[in-house]
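One structure below.
The values are calculated or read from the model by the stated rules, or taken from the named source; none is laboratory data. The shown structure was predicted, so the numbers you read here are calculated from the model rather than taken from an experiment. No Cβ is skipped: glycine too gets one built from the backbone with ideal geometry, and neighbour counts run over all protein chains shown. For accessibility, only protein heavy atoms count, side chains too; no ligands or nucleic acids. Shrake-Rupley method; radii C 1.70, N 1.55, O 1.52, S 1.80 Å.
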Amino acid sequence: MLEIVGLKAGYPSGGLVLNDLNISIPRASIVAVLGRNGMGKTTLMRSVCGLLASAGGSILLDGQEIAGRTVFERARAGIGFVPQGREVFADFSVAENLLIGRIAKPGLSPEIPEHLLSLFPILRERWNQRAGSFSGGQQQQLAIARALAGEPRVLLLDEPSEGIQPSIVHQLAGTLRQLVDTTGLTIMMAEQNLDMVAACADTVAFIDHGAIVESGIPAAGIREDRARQAKFLSI
Ligand SMILES: Nc1ncnc2c1ncn2[C@@H]1O[C@H](COP(=O)(O)OP(=O)(O)OP(=O)(O)O)[C@@H](O)[C@H]1O
Ligand SMILES: [Mg+2]
């Protein structure tokens, strides 16, 4: 569903961060990209959604080239993004945050789909409350729902478990798994939390200094894989 070939990307001040990155995300699956701090996970996410222009390579969404397109064009083509640190609009209510996610994609009606609120019941309960007053876990649910409100085909999640208590991490993993299994959504997730990954991902890819060095590793056994943890993670 998402095919990234030879991707290069970086920053004017820092040179290339991603250098010849290759990864393939099958339809209706969750692939977790694991790697230490500073290895390029966020740079990868931002390059795919178009917030960062790539310097070379190909990004195919369902066979369609999206590298070189604007962030709006990629959203319209079906890319959804939940940034690291969530970035919900703190002064806006749940309803307003979801509406912003909804209208970011042209052609959708302004009504928030009922199934979204069933996935995240807390959002219905707090419909008119300011997002800034929420816990980290509640903000993460809102950020994911905001991205889903734009009806993406591929959802990019940048460290969704960061700063969230373990019980909520587990709940979030279950919700994402349910979404993929029932709707056919495709997810690429950057993570460092092995509990999150083992609870919902199909496979794991490791990123090291801007390149994917191993991929297609079943996520179920990742917590016991001490050798790869020592090699690629700060564990
Ligand atoms: N805006 C920027 N300008 C210059 N260099 C940057 C910028 N953002 C990130 N970098 C550099 O790019 C490299 C990759 O950073 P990136 O944020 O993609 O890593 P990451 O894997 O997401 O790390 P973390 O786990 O801490 O979120 C790092 O060396 C970082 O210092
Ligand atoms: Mg990051």
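Structural remarks
- Once the chain from Val5 to Ser109 is taken as fully extended at 0.36 nm per residue, the excess over their C-alpha distance is 34.0 nm.
- Rolling a 1.4 Å probe over the heavy atoms of the protein chains gives the chain an accessible area of 43 Å² per residue.
- Structure remark: mean-square fluctuation, Gaussian network model of the chain, C-alpha springs under 10 Å; the largest value among Asp62, Asp91, Asp20 belongs to Asp91.
- When shorter helices are ignored and each DSSP H run of at least 4 residues is given -39500 (n - 2.57), the per-residue value for the chain at 222 nm works out to -10000 deg cm²/dmol.
- Nonlocal amide H pairs with Ser93, under 5 Å, H built at 1.01 Å: Ala131
- When the chain is described by a simple charge dipole with +1 on each Lys and Arg Cβ and -1 on each Asp and Glu Cβ, the residue from Thr186, Ile25, Ala131 located farthest towards its positive end is Ala131.
- Surrounding net charge for Arg86, when Lys and Arg each add one and Asp and Glu each subtract one, Cβ distance under 14 Å: -3
- Radius of gyration over Kirkwood radius for the range 2-232, both on Cα atoms: the Rg/Rh ratio is 0.95.
- A Cβ-based charge dipole, computed about the Cα centre of the range 36-184 with Lys and Arg at +1 and Asp and Glu at -1, lands at about 180 debye.
- Only beta bridges with both residues in the range 2-232 are counted; by DSSP, about 55 percent of them are antiparallel.
- Farthest toward positive dipole pole in the chain [+1 Lys/Arg, -1 Asp/Glu at C-beta], among Phe232, Leu51, Ala149: Leu51
- Contact order, relative form, for the chain: 27 percent (alpha carbon pairs under 8 Å, 6 or more residues apart, mean separation divided by residue count).
- Proximity of backbone amide H atoms, modeled 1.01 Å from N, is registered between Asp208 and Val213 at under 5 Å, excluding neighbours fewer than 5 places apart on the same chain.
- As a length-normalised measure over Cα pairs under 8 Å and 6 or more apart, the relative contact order of the range 1-98 settles at 28 percent.
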